[in-house]
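> First the structure, then my questions, so here it is.
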Amino acid sequence: MYADVHISIAGKIAPCRPCSDTEVLLAVCTSDFVVRGIIQNVINEEEQQDSIIDVSVNRIYRQKTKIFKPADETGTWEGQIKTLLQCGVKPGEGDFLFTGRMHFGEARLGCAPRFKDFQRIYKEAKDKGLNPCEIGPD
């Protein structure tokens, strides 16, 4: 079973810790990419201490550069996101909301809550009028 991947936005303190609800909402507003998708595969690069996450994307909310490209005629997209090997990312079931930044031409993972958790966080903040930005949570 796959454990949720959440990484701090700052990446300096406990880089593999879960993002708080506030961090998730801010990541959605400020990230270079925000996509909904599933983990297809994970390749661990021991030498670079990185994991490469192959992501199949069914919804792109934002991408400042062409990280994710059309996979086929079905409307899905695909791309790769890197994260620290120590975070222990593994393939698993379920949709995630992947956020992150470009760093030296590579997509680096920020917060990545399960999509159902993002929907809850977003709705609660919207109901209270506390969303820092608008994004369609569907």
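> How about segment 32-138: which GluC sites (Glu not before Pro) there are in a DSSP loop, with at most 10 other Cβ atoms within 10 Å of their Cβ? Each step should come with its number before you reach the end.
Details: sites: 45, 46, 47, 73, 78, 93, 106, 124, 134; in loops: 46, 47, 73, 93, 134.
Sparse-neighbourhood loop GluC sites (Glu not before Pro): 46, 47, 73, 93, 134.
> Let me ask another. Scattering from the C-alpha atoms of the chain alone, worked out with Debye: what is log10 I(q)/I(0) at q = 0.17, 0.22 1/Å?
Log10 of I(q)/I(0), two decimals: -0.88, -1.48.
> Considering only the other residues whose Cβ falls under 10 Å of the Cβ of residue 21, what net charge follows from Lys and Arg at +1 and Asp and Glu at -1? Display every interim value, and only then the final one.
Numbers: positive: 120; negative: 23, 117, 124.
Taking every other residue near residue 21 into account, the sum is -2.
> Setting aside same-chain residues fewer than 8 positions from residue 126, which lysines have a Cα under 27 Å from its Cα?
Cα-Cα hits under 27 Å: 64, 116.
Readers should treat all values here as calculations from the given coordinates under stated rules, not as data from a laboratory. Computed from a predicted model, the values in this text were never measured in an experiment. Cβ sites come from the backbone with ideal geometry, for glycine too, and all protein chains shown count toward neighbours.
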